[in-house]
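The values are calculated or read from the model by the stated rules, or taken from the named source; none is laboratory data. Quantities reported herein were computed from a predicted structural model and do not represent experimental measurements. Glycine also receives a Cβ, built like all others from the backbone with ideal geometry; neighbour counts cover every protein chain displayed.
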Ligand code: PEP
Ligand code: MN
C-alpha cells in the first residue's frame, strides 16, 4: 500500500502517519518526491487500514499496490532514480559505460585497461576479484589482492570501481574498495547476500538471474531496498534460451519493461549475454537504442591470454570502435554520452 501526500505536507502530519503505520507492526518508507511525498507501507495490511489512512491529515490518496515489489515500483517512486558515482550519473539521459576485464589479473593489465577505457569515454571501471565460475577448476579470482589492484587502477585514472561480491562474509571487504558492488547473475536469489548489501551506503548492481522473470529480479532489488539501501542498478545480462551459439540471449525488451515497472536504472551487459567479442558491439547498440541507462563491457589488453572470458572480451581498439558507435546511437536518441 502507498499513502500519497501533498508536497506541502508538514513534518507533524508525516510523523503521525509513520506512528500510525508502526503501531500496526508495519514499516513505513518515506519518499520525498518533487511533486508529492509517498509513504510506502510494508507488511501485512490489516482490513480497514486503507480507510483509516485516507482520513488522516495531509493524505491525498491511498493506493493498494498489487505487485509484490513495492519500493522498486514506479507507483511508489514515480521519479527515476539517479545514482551518482564519480563522474558517472546512472539513470539520467546519457548512457554510462562501465568497462574493464572480466577478472583482475595483474597491475599492468588493470592500469593499462583503465587508461584505455577512460580515454575512450568509459566512466566506471569493472574487474572481478571474486569470480563465480561454472567449474571449480577455473580461475576464481585474486580475492582481496585483486581489490587492491582495482584500487591502484582507480588511483591512476580516477575511475570509480564496480566489482562483484559473492559471499556475505566478503561484503565489508569488497565495500572498502568498491564504489558499486555487483551481485552476479548466479547470486541474484542469494537472499542473505541481498540482505547484507542492503545495509550498505553504496550502490549495488543486481544482475538478472539466468532464468529469472522480471518479477523475481525486481524482488531481488526489493530485498536490497528493504534493507535500507535505495541505490540499486539493474543489469540485463542475458537469459537462458535454447540457442547455444550465443552464450545467453540478451532480452532487449527488458529495458523498456523495467523502465515501465520501476524507477531503477537499467544497464545491459552485451559481453556475458553473447559470449563472442564480435557480437558485443551490435548488441550494445541495440541496448542503447532501446534506452538502456548504461552498458557494462569486458575489455582486455590481450583477450587471447585472458584468464577468464577472453572470447567475449574486446581489445582496446575494438572498444574504441564500440564507443564511437554507441555515441552515435545515443545522439540519435538525443542523448550525449558522458565521457571521462
Ligand atoms: C561478471 O560480470 O563478471 C559476471 C560473472 O557476470 P554474470 O554474473 O552476469 O554471469
Ligand atoms: Mn566475465
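Within region 225-239, the set of residues being closer than 18 Å to residue 175 by Cβ and within 16 Å of ligand 1 (Cβ to nearest atom) comprises 232, 233.
The single residue among 172, 195 that is part of a helix (DSSP H, G or I), out of contact with any helix residue (DSSP H, G or I) (no Cβ under 7 Å at 6 or more places or on another chain), more than 24 Å from residue 97 (Cβ to Cβ) and more than 16 Å from ligand 2 (Cβ to nearest atom) turns out to be 172. Just to be sure before I move on: is residue 141 away from ligand 2 (no atom under 16 Å from the Cβ) and at positive phi in the structure I sent? So residue 141 does not fit the description; no. For residue 62, state whether it is assigned to a strand (DSSP E or B), touching a residue at least 60 places away in the same chain (Cβ under 8 Å), touching a helix residue (DSSP H, G or I) at 6+ places or on another chain (Cβ under 7 Å) and surrounded by 13 or more Cβ atoms within 10 Å (Cβ to Cβ). In short, yes. Cβ contacts < 6 Å: first residue in the same structural domain as residue 284 (by TED's automatic domain parsing), restricted to region 311-323; second residue within 12 Å of ligand 2 (Cβ to nearest atom) and not in a helix (DSSP H, G or I), any location; separation 6+ or different chain. Result? Close Cβ pairs satisfying both conditions: 312/275; 312/298; 313/298; 313/300; 313/306; 314/299; 319/299.
Kindly provide the set of residues from region 91-119 that are part of a helix (DSSP H, G or I), surrounded by fewer than 24 Cβ atoms within 10 Å (Cβ to Cβ) and more than 16 Å from ligand 2 (Cβ to nearest atom), ordered by number. Selection gives 107, 108, 111, 112, 115, 116, 118, 119. Checking every residue in region 282-295 against the condition of being over 19 Å from residue 95 (Cα atoms) and assigned by TED's automatic domain parsing to the domain that holds residue 114 gives zero matches. Candidates 332, 267, 280: the one that is farther than 29 Å from residue 230 by Cα, within 16 Å of ligand 1 (Cβ to nearest atom) and either more than 22 Å from the chain's Cα centre (by Cα) or surrounded by 24 or more Cβ atoms within 10 Å (Cβ to Cβ) (or both) is 280.
The number of residues in region 204-215 being surrounded by fewer than 24 Cβ atoms within 10 Å (Cβ to Cβ) and more than 13 Å from ligand 1 (Cβ to nearest atom) comes to 3.
Every condition in (1) surrounded by fewer than 17 Cβ atoms within 10 Å (Cβ to Cβ); (2) touching a strand residue (DSSP E or B) at 6+ places or on another chain (Cβ under 8 Å) holds for residue 14 except the one numbered (1).
Residues in region 283-300 that are surrounded by 24 or more Cβ atoms within 10 Å (Cβ to Cβ), part of a helix (DSSP H, G or I) and out of contact with any strand residue (DSSP E or B) (no Cβ under 6 Å at 6 or more places or on another chain): 288 alone.
Among residues of region 62-102 being at positive phi and modelled with pLDDT of 95 or more, the one that is nearest to ligand 1 (Cβ to nearest atom) is 100. Among what's in region 198-212 and is over 25 Å from residue 84 (Cβ atoms) and in contact with a helix residue (DSSP H, G or I) (Cβ under 9 Å, 6 or more places away or on another chain), pick the residue that is farthest from ligand 2 (Cβ to nearest atom). Among those residues, the one meeting the criterion is 212.
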